[in-house]
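A short write-up of the structure that comes next.
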Amino acid sequence: MGKKLVGGIFAGLLGAGLYAAYQKLDEDKKNQMKKNLREKSDELRDRAVDYAFYANDAMSDFKDVVKDEVNNARDNMKDASDKFSEKAKDYSGTDTSADDEIKKNQDDIVVDAADAFKSSGIPSADDDLNEQSDEVKKDDSAASDASTPDGDGSQDK
């Protein structure tokens, strides 16, 4: 609080001294001083107005840039959306001519287990049964050959 009081007293004394000095000046110097003060204040006001216009122009340019960027982003989003919707339509099968063309160019693959293993060399269950029945037939015929007196497999009656 002491510094504020000292500062206030100093400002008051300075103002009083300036006023006293102004009052002691002759009329020509007072008019010259008023003229200089008006010129400086006019320059300061013009400069402030110029800066206000500069700030307004800068904000206008900034708004234009932001507007252009938003429009550019909107156009990019619209293009991407259109491409996506085209791909979605193609995927959903609405374009049947392309699907028909693809189907024409594709061969149907049908897998049948019997056909697949026929030429593979892998024995099937039927082959095992056939081999067993052939072995049984051979055993039966060998037994019947042995039971004939000629041994040639024919029986004389």
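Readers should treat all values here as calculations from the given coordinates under stated rules, not as data from a laboratory. Given the structure is predicted, the values throughout are model-derived calculations rather than measurements. FYI the Cβ positions are ideal-geometry reconstructions off the backbone, even for glycines, and counts take in every protein chain you see.
Miscellaneous remarks
- For 102, 109, order by how many other beta-carbon atoms lie within 10 Å, fewest first: 109, 102
- The count of lysine pairs in the stretch 27-90 with alpha-carbon distances below 20 Å, taking only pairs 8 or more places apart or on different chains, stands at 5.
- Rounded if a/c under 1.5, otherwise prolate or oblate - the stretch 1-62, Cα gyration tensor axes: oblate
- Calculated log₁₀ intensity ratio I(q)/I(0) where the Debye formula runs over C-alpha points of the stretch 27-90, q = 0.18 Å⁻¹: -0.79
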